[in-house]
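J.: This is the structure, below, for whatever I ask next.
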Amino acid sequence: MNTTSLKKADLIPPDEYFLIQDLIFEWARVIDENRVEDIAKLLDSQGRYTVKSRFNHDRDLPLAVIDCHSAAQLRDRILSMRLANVYEPQHYRHIISGIQVMDREGQIIHTRSNFMVVRTMDLDGEIKVIFTGQAQDIIQLHESEAKFKERLMVFDSRVIETLLVIPL
Amino acid sequence: MNTTSLKKADLIPPDEYFLIQDLIFEWARVIDENRVEDIAKLLDSQGRYTVKSRFNHDRDLPLAVIDCHSAAQLRDRILSMRLANVYEPQHYRHIISGIQVMDREGQIIHTRSNFMVVRTMDLDGEIKVIFTGQAQDIIQLHESEAKFKERLMVFDSRVIETLLVIPL
Amino acid sequence: MNTTSLKKADLIPPDEYFLIQDLIFEWARVIDENRVEDIAKLLDSQGRYTVKSRFNHDRDLPLAVIDCHSAAQLRDRILSMRLANVYEPQHYRHIISGIQVMDREGQIIHTRSNFMVVRTMDLDGEIKVIFTGQAQDIIQLHESEAKFKERLMVFDSRVIETLLVIPL
């Protein structure tokens, strides 16, 4: 993995960058629009989706908050979260920043980006930054479509894990 | 309106995406630079600018915090806000994320994007996220220029409305 | 300096915009990945890096929190910050928004962008927005590379200065 991406222009043309950017934005938007079930469509059927604290990730500790090994498993996981969690009505709002292409192998693109999730409570209107972190994605380009082959969301705070009621 | 925008690459070439992105960034910047009067220049003379809570928007309730039906009306509104509001000196800072093209009809482009507004109080330096939400824009492309035909800002918290001292 | 950038499309083609964007993202990423020493590589050897409050900047007051006149001086400054500061373990996360090209003179590009820095404390997991502001950059394009000739970070709150433990 490159530590600098300043040669990105050599790796990827504008059209493909926009395809990747739109995939990452789409994931965020379906969650924000309260259609979290739709993220499963953006994951390759054999894809992997993992949410992990930076603390565990930096130490190569295996413990993850979410670790799905297929789109079907992700669908199951979302369904169970919807059923199991009883929580106060709330809205998520994703802010994505700094999408960079790190590496390329044919139609497989490695990217990093920053995310922030802001939660607004429906009743009292409280606004709070509940997650920040880095997404480390491996994206498969098809002709005019992109899907996540691997999506690893590393969040910065190790204290917040218990509050996760839907995927990031 | 499409619910997925993954075919965006078919809808819009890079040059036009940059034009749209720059229009949305420009709106944010003129407010952040304390030149809110200049947003009226970015709205089509017959354009519409609306600020509404997500609560009201989701229920199709008509009540909006701001609802201007022309650039002239927006100019009047800003002038009256400048005159009427007595408030502690403060700075806005916009963070924009996830600009996606949803649909296109000729030179009319439908987009969505997320916004966050962070306020810093001049006296005590307090930094606070005061708004998050989704912008639903209809943008008119001219030759090398873009203007808002409709700009709808839907903010997530319904409690915060009374604090709005300038447009978002 | 232009006050509007809507003619940006005339100033800069997509490839160059991506190069500039990637430079700005790279600066943020190396800090977030706890490799702040690497920002010196992104500054021209004779480049200038300044961090200043909006209050001082608006009044043309010379006082800056950081003001380095070369990459070597920036390296020294980072080293001394690493040595001098004793502080609780913490992570930074940058959110960048609104990169706009303001002006161009040959291979010299003037840009503005917004930044936000969110800090997470390692021990108690507290998440806090500690900086927002505007970056006013002058960027030198080389063939397939970009470097900062001048990087001026103007932050919104004048109260927060004492908390700066690493560059923004």
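J.: Can you sort B:Glu126, C:Glu88, C:Glu26, A:Glu150 by how many other beta carbons sit within 10 Å, fewest first?
T.: C:Glu88, B:Glu126, A:Glu150, C:Glu26
J.: Quick one: dipole size for the range C:35-96, taken about the Cα centre, charges +1 on Lys/Arg Cβ and -1 on Asp/Glu Cβ, in debye to the nearest 20.
T.: Here the range C:35-96 has a charge dipole of around 100 debye.
J.: Can I ask one more? Just how large is the dipole of the protein assembly as shown about the Cα centre, in debye to the nearest 20, putting +1 at every Lys and Arg Cβ and -1 at every Asp and Glu Cβ?
T.: Here the protein assembly as shown has a charge dipole of around 640 debye.
J.: Under 5 Å between amide H atoms, partner at least 5 residues away or on a different chain: which partners does A:Met102 have, H built in plane at 1.01 Å?
T.: Amide H neighbours of A:Met102, under 5 Å, 5+ apart: A:His110, A:Thr111, A:Arg112.
J.: Sorted from largest to smallest, which semi-axis lengths in Å does the alpha carbon gyration tensor of the protein assembly as shown give for its equivalent ellipsoid, taking the root of 5 times each eigenvalue?
T.: Working through the eigenvalues yields semi-axes of 30, 30, 25 Å.
J.: Here's something else I'd like to know. Once both labels are modelled 7 Å past Cα along the beta-carbon direction, what's the A:Asp60-B:Ser144 spacing in nm?
T.: With each label point 7 Å from Cα toward Cβ, the separation is 5.5 nm.
J.: Still on this model: Positive end of the dipole of the protein assembly as shown, charges at C-beta (+1 Lys, Arg; -1 Asp, Glu), about the Cα centre: which of A:Cys68, C:Phe131, A:Phe148 has its Cα farthest in that direction?
T.: The Cα lying farthest towards the positive end belongs to C:Phe131.
J.: If you count, for every residue in B:139-152, the Cβ atoms of partner chains within 10 Å of its Cβ, what is the mean? Display every interim value, and only then the final one.
T.: Values: counts 0, 0, 0, 0, 1, 5, 3, 2, 1, 0, 0, 0, 0, 0.
The shielding value for this peptide is 1.
J.: State the residue of chain A whose Cβ is nearest the axis carrying A onto B, and the distance in whole angstrom.
T.: A:Pro14, 3
J.: Nm distances between the label at C:Glu37 and the same-position labels in the remaining copies, 7 Å along Cα→Cβ, shortest first?
T.: Copy-to-copy label distances at C:Glu37, shortest first: 5.2, 5.2 nm.
J.: How shielded is C:126-132 by partner chains, expressed as the average number of their Cβ atoms within 10 Å of its Cβ atoms?
T.: Mean number of neighbouring Cβ atoms from other chains: 6.
J.: Pairs of lysine in chain A with Cα under 25 Å and at least 8 positions apart or on different chains: total?
T.: Lysine pairs meeting the criterion: 10.
J.: Which of A:Gln100, A:Phe55, A:Ala40 sits closest to the plus end of the dipole of the range A:7-106, meaning its Cα is farthest towards the positive end, when Lys and Arg get +1 and Asp and Glu get -1 on the C-beta?
T.: Positive-most Cα among the choices belongs to A:Phe55.
J.: Related question: Between rounded, prolate and oblate, where does the range C:7-87 land on the alpha carbon gyration tensor, with a ≥ b ≥ c its root eigenvalues, rounded for a/c under 1.5, else prolate if a/b exceeds b/c?
T.: Judged from the Cα gyration tensor, the range C:7-87 comes out oblate (a/c at least 1.5, b/c at or above a/b).
J.: With +1 on each Lys and Arg Cβ and -1 on each Asp and Glu Cβ, how big is the dipole of the range C:16-168 about its Cα centre, in debye rounded to the nearest 20?
T.: Magnitude of the dipole: close to 280 debye.
J.: For every helix of n ≥ 4 consecutive DSSP H residues, a contribution of -39,500 (n - 2.57) applies; sum these over chain B, divide by its total residues, and give [θ] at 222 nm rounded to the nearest 500 deg cm²/dmol.
T.: Rounded to the nearest 500, it is -7500 deg cm²/dmol.
J.: Across peptide B:26-33, how many C-beta atoms of other chains are within 10 Å of each residue C-beta, on average?
T.: 4
J.: Once Rh is set to the Kirkwood radius over Cα pairs, what Stokes-Einstein translational diffusion coefficient, in µm²/s, holds for the range B:66-128 at a temperature of 37 °C and a viscosity of 0.692 mPa s?
T.: This corresponds to a translational diffusion coefficient of 220 µm²/s.
J.: Once phi is turned into θ = phi - 60°, what whole-Hz ³J(HN,Hα) does the Karplus curve with 6.51, -1.76 and 1.60 give for every residue of the range B:40-47, x standing for Gly and Pro?
T.: 4, 5, 8, 9, 3, 4, 9, x
J.: Can I ask one more? Per q in 0.13, 0.16, 0.19, 0.22 Å⁻¹, report the Debye log10 I(q)/I(0) for the range A:53-168, using one uniform scatterer on each alpha carbon and no solvent.
T.: Result of the Debye calculation: -0.61, -0.91, -1.21, -1.42.
J.: Something else: Taking Cα centroids, how far is the range B:94-113 from the range A:61-89 in Å?
T.: Computed from Cα coordinates, the inter-centre distance equals 30 Å.
J.: OK, next. Using a Gaussian network for chain B with springs between C-alpha atoms less than 10 Å apart, which of these wobbles most: B:Val86, B:Val117, B:Val129?
T.: Its mean-square fluctuation being the largest, the pick is B:Val86.
J.: Additional query: How far apart, in nm, are two points set 7 Å out from the Cα along the Cα-to-Cβ line at B:Asp38 and at A:Ala84?
T.: 5.1
Taken together, the values in this text are just the output of simple stated rules run on the coordinates, not laboratory data. What you see is a predicted model, and the numbers here were worked out from it, not measured in a lab. As a convention, Cβ positions derive from the backbone with ideal geometry for all residues, glycine included, and neighbour counts pool all protein chains shown.
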